[in-house]
Amino acid sequence: AVAAAMRLGAFLSALRPALPLLLGLSLGCSLSLLRASWSHSAAEERCLAPGPPAPPARGAPPEAAEGRPGPGHEDFRPRIVPYYRDPNKPYKKVLRTRYIQTELGFHERLFVGVLTSKATLNTLAVAVNKTVAHHFPRLLYFTGLRSAKVPHGMVLVAHGDERPIWLMYETMNYIHQHFGSDYDWFYIMQDDTYAQAEQVKALVTHLSINQDVYLGRAEEFIGGDEQAHYCHGGFGYLLSRSLLLKLHPHLDSCRNEILSVRPDEWLGRCIIDFLGITCVSQLQGQHYHTYELAKNTEPEKEEEEEFQAALAVHPVSDMTLMYRLHKQFSRIQLDRVYQEIQDLQMQIRNLTALTPAGEAGVTWPVGINAPFLPKSRFEVISWDYFTEQHLFSCPDGSPKCELSGASKADVNEIIESAIEQLNRRYQPLLRFSKRQLLNGYRRFDPTRGMEYTLDLLLEAATQKGHSHVLAKRVSLVRPLSKVEIIPMPYVTEATRVQLVLPLTVQDLDFVANFLDMFAMNTLDTHDNALLTLLFIYHPYDAQRVGQVDVFAGVKAMVGELEKRYAEVKIPWISVKTEVPSQVKLMDIVSKKHPVDTLFFLASVWTEINMEFLNRCRMNTISNWQVFFPVHFQEFNPALVYRGEQTASSNTDFLRDGHFDRHSFAEACFYNSDYMTARTKLAADILDRDEVLESMEVFDVFLHYSGLHLFRAVEPGLVQKYTLRSCNPRLSEELYHRCVLSNLEGLASRSHLAMALFEQEQANST
């Protein structure tokens, strides 16, 4: 009995911590069972209760009263579409779309069409293109007959007939056929219309795309129904995609049945007769404001509220008036933006005063992110010192260089802005003029933009003519503007890469390693890459090629590779020259390959790998961009390690070295782009082939193509140290660049300093 009591006590003591949990579970289960029984009985009473059902809430639709969406919410009902495949039809492989927005059915927002004519194509249409084309994502010009010369930068569609009704009919057909499934909104305007592009873009963002919209300046038909209106073509009008799709089947009937002199009236009558939709000037709380210009109007003197709020102005009689209107509306828009900024800054000050930090929490400038606060000394952003003539933080690492180019323009603009802000603050009491920039500091803060601190020597003049020279320190910030996504053409990693390897006699010691890396990283992995060798013979060696071929060993290595990989062929091209100009060599290779070939111009020290080849494919875009990678050059191991164990060659991180920005030997580009740039170069130099000896492929693309030149560091291209031979027959610039590459590739400054120190120590002993 004592033992049983002890066991029971031990069991209760072990169970005591869990008693609250057990009691809570039992109590919860009991309450849930009681609630379930009560709700069940209440439901039975409601089901058995006689009489009609209770009426729905006042103003609610019947479906909504029963817990289902109303008739206007069909689009928001979730549906599960079961997969079904007809067994009688053969199975077809599903092809995915190139872009995800195509698969999801996304549309671009706004398409703009401008109606012009042969007489005004080179005048008013050009003015429209210069004022609004850079604001709209897609802008096309429609005309009946085109002139002999189309203005540059304009996409023109000519229908072949100047009749106004025919032009409108063909334009609507063309828009539906080519852009009806790609855009949500279609804005049609004339070339004698000035439209505020940003206001039109803002308008369509506030309208629902599910409605049939015919929006513009509503006008009554002559002798027609007062309830029906058409949109005046001179002030532009907006059509929704749904309306365009419904209108297209009736365009032929409208052309045959509706007689009108004005194309805008004809279109309005067509929409009213077949769709029952009339033009409106206000929709969904949005107003389409317009302004009709009188003769001899001075846009600079127009201060009416109706003019300042206008989305479209008509008629514009000449190009000069179009540019004056654009200048005036740009000034109005700029004033609105400045006023909005001031209002927001005032609100920020008022709200910050209510925070725990109080007024001390207000950052400068108000509304811009606070400066970056480093958490350690390694995160401190350094300031660059400059004067009006020199910069003391140079790109090439030198302590002092001349201030020029974009940096000089940046400094001049900042100084002018500082003087302007001082005069705006202290006028009319004081008038400041610059004497000299004493000190200048700038740094780039990635959280807010470029920061400047200027010590200015100023001359301050009073209203009475007294002047005084004083020094004043000012701080300025050039904030980061709105980030834009640059559209890029579609590229894939499946493109075949054609490697081109020029070889001279001095490169023979490094060919074996190059071929081994090529075989291991491309042939073994079955990468879509081919290799072409370019043997550069000196004239003396070319004469003796029958007796002694300096490239016989390389050709034997190529033969071994072709035996090992039966499906691989490595062709070679032999060239005889004293000056191996990169452009001349590329001319020979370019003629032997198709125009759509993607070239990778390599050097014998390059270690080929799949990672870089994929970046070469992705960063090179035909008719858009070429890629010039900056390879990583290892330092001289004798200076870096000084007898110590060198870094392992199979490490994943970059070894001791630097990115060689003096070398342009590696390049990725398409043959078609090179041929286009080379044609322009040939027309410029005529028959002066000696000019090609002073140029590289990079110079050809830089000066004779309108492509993007993407120059970036490439950690996937690692080259071992070697002292390269610089050909003195090349131009002075290319020879100097080669020498600098060799010198900077020796070692870092710390390694060189340590080597000099050890040498001095050895000499002193």
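The values are calculated or read from the model by the stated rules, or taken from the named source; none is laboratory data. Model, not experiment: these values are computed from the prediction. Neighbour counts run over all protein chains shown; Cβ positions are idealised from the backbone, glycine included. Ligands, DNA and RNA are excluded from the accessible area calculation, which covers all protein heavy atoms including side chains. Shrake-Rupley method; radii C 1.70, N 1.55, O 1.52, S 1.80 Å.
Data overview
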quantity: Tally of residues being outside any loop (DSSP other than H, G, I, E, B) and surrounded by 14 or more Cβ atoms within 10 Å (Cβ to Cβ) across region 556-573; calculated: 5
quantity: Filter result (of a type in the set (Ser, Thr, Tyr) and touching a residue at least 12 places away in the same chain (Cβ under 8 Å)) within region 677-713; calculated: Ser694, Tyr704, Ser705
quantity: Condition met for Glu219 (open to solvent by 40 Å² or more (accessible area, probe 1.4 Å) and part of a strand (DSSP E or B)); calculated: yes
quantity: Among (1) of a type outside the set (S, T, N, Q); (2) open to solvent by less than 70 Å² (accessible area, probe 1.4 Å); (3) touching a His at 6+ places or on another chain (Cβ under 7 Å) - the single one Met322 does not satisfy; calculated: (3)
quantity: Test for Arg443: is it over 30 Å from Ser590 (Cα atoms), assigned to a strand (DSSP E or B) and within 37 Å of the chain's Cα centre (by Cα); calculated: yes
quantity: Test: residue in region 314-331 that is of a type in the set (Lys, Arg) and more than 28 Å from Tyr194 (Cβ to Cβ); calculated: no
quantity: Extreme residue, most open to solvent (accessible area, probe 1.4 Å), among residues of region 397-430 that are among the basic types (Lys, Arg) and under 19 Å from Asp384 (Cα atoms); calculated: Lys400
quantity: Within region 130-160, tally of residues that are in a loop (DSSP other than H, G, I, E, B) and closer than 17 Å to Asp264 by Cα; calculated: 1
quantity: Selected residue (criterion: surrounded by the fewest Cβ atoms within 10 Å (Cβ to Cβ)) from residues of region 642-657 that are modelled with pLDDT of 65 or more and in contact with a Phe, Trp or Tyr (Cβ under 9 Å, 6 or more places away or on another chain); calculated: Asp656
quantity: Residues within region 473-495 that are modelled with pLDDT of 90 or more and not small (Gly, Ala, Ser), tallied; calculated: 6
quantity: Selection status of Asp527, open to solvent by less than 40 Å² (accessible area, probe 1.4 Å) and farther than 19 Å from Ala665 by Cα; calculated: yes
quantity: Test: residue in region 619-628 that is touching a Leu at 6+ places or on another chain (Cβ under 8 Å), in a helix (DSSP H, G or I), crowded, with 19+ Cβ neighbours inside 10 Å and in the same structural domain as Thr676 (by the TED database); calculated: no
quantity: Hits in region 382-396 (condition: open to solvent by less than 70 Å² (accessible area, probe 1.4 Å) and either touching a residue at least 40 places away in the same chain (Cβ under 8 Å) or not in a loop (DSSP other than H, G, I, E, B) (or both)); calculated: Asp384, Tyr385, Phe386, Thr387, Glu388, His390, Leu391
quantity: Hits in region 444-472 - residues which are in contact (Cβ under 8 Å) with a residue 60 or more places away in the chain and surrounded by 11 or more Cβ atoms within 10 Å (Cβ to Cβ); calculated: Phe444, Asp445, Thr447, Arg448, Gly449, Glu451, Thr453
quantity: Inter-residue pairs, beta-carbon under 6 Å, first under 16 Å from Phe235 (Cβ atoms) and acidic (Asp, Glu) and in region 190-207, second open to solvent by 50 Å² or more (accessible area, probe 1.4 Å) and not in a loop (DSSP other than H, G, I, E, B), 6+ apart; calculated: none
quantity: Pairs with Cβ under 9 Å, 6+ apart, first in region 475-497 and within 22 Å of Ala409 (Cβ to Cβ), second in a loop (DSSP other than H, G, I, E, B) and open to solvent by 90 Å² or more (accessible area, probe 1.4 Å); calculated: Ser475/Trp364; Val477/Trp364; Pro479/Asn369; Leu480/Asn369
quantity: Index of the failed condition, Asp192 passing every other in (1) in a strand (DSSP E or B); (2) within 22 Å of Glu162 (Cα to Cα); calculated: (1)
quantity: From Gln227, Gln199, residue being part of a helix (DSSP H, G or I), out of contact with any Phe, Trp or Tyr (no Cβ under 7 Å at 6 or more places or on another chain) and at pLDDT below 95; calculated: Gln199
quantity: Qualifying residue in region 585-606 (condition: of a type in the set (Lys, Arg), more than 27 Å from Met520 (Cα to Cα), free of Cβ contacts under 8 Å to residues at least 12 places away in the same chain and in the same structural domain as Val626 (by the TED database)); calculated: yes
quantity: From the options Gly285, Gly236, residue that is surrounded by 14 or more Cβ atoms within 10 Å (Cβ to Cβ) and in the same structural domain as Asp182 (by the TED database); calculated: Gly236
quantity: Test: residue in region 307-316 that is open to solvent by 70 Å² or more (accessible area, probe 1.4 Å) and on the phi < 0 side of the Ramachandran plot; calculated: no
quantity: Sole exception among (1) more than 18 Å from Phe274 (Cβ to Cβ); (2) crowded, with 21+ Cβ neighbours inside 10 Å for Val213, by number; calculated: (1)
quantity: From Asp587, Asp596, residue being under 35 Å from the mean Cα position of the chain (by Cα), at pLDDT 90 or above and part of a loop (DSSP other than H, G, I, E, B); calculated: Asp596
quantity: Index of the failed condition, Leu531 passing every other in (1) within 22 Å of Arg615 (Cα to Cα); (2) in the same structural domain as Arg442 (by the TED database); (3) of a type outside the set (Ser, Thr, Tyr); calculated: (2)
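This table checks each residue for (1) within 30 Å of Leu743 (Cβ to Cβ); (2) in contact with a strand residue (DSSP E or B) (Cβ under 7 Å, 6 or more places away or on another chain).
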residue	(1), (2)
Cys401	yes, yes
Gln421	no, no
Gln427	no, no
Tyr441	no, yes
Thr447	no, no
His468	no, yes
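Residues are listed down the side, and each one gets a yes or a no for (1) in contact (Cβ under 8 Å) with a residue 24 or more places away in the chain; (2) of a type outside the set (A, V, I, L, M, F, W, C):
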{"position": "Cys231", "(1), (2)": "yes, no"}
{"position": "Arg241", "(1), (2)": "yes, yes"}
{"position": "Leu244", "(1), (2)": "yes, no"}
{"position": "Leu247", "(1), (2)": "yes, no"}
{"position": "Cys254", "(1), (2)": "yes, no"}
{"position": "Leu259", "(1), (2)": "no, no"}
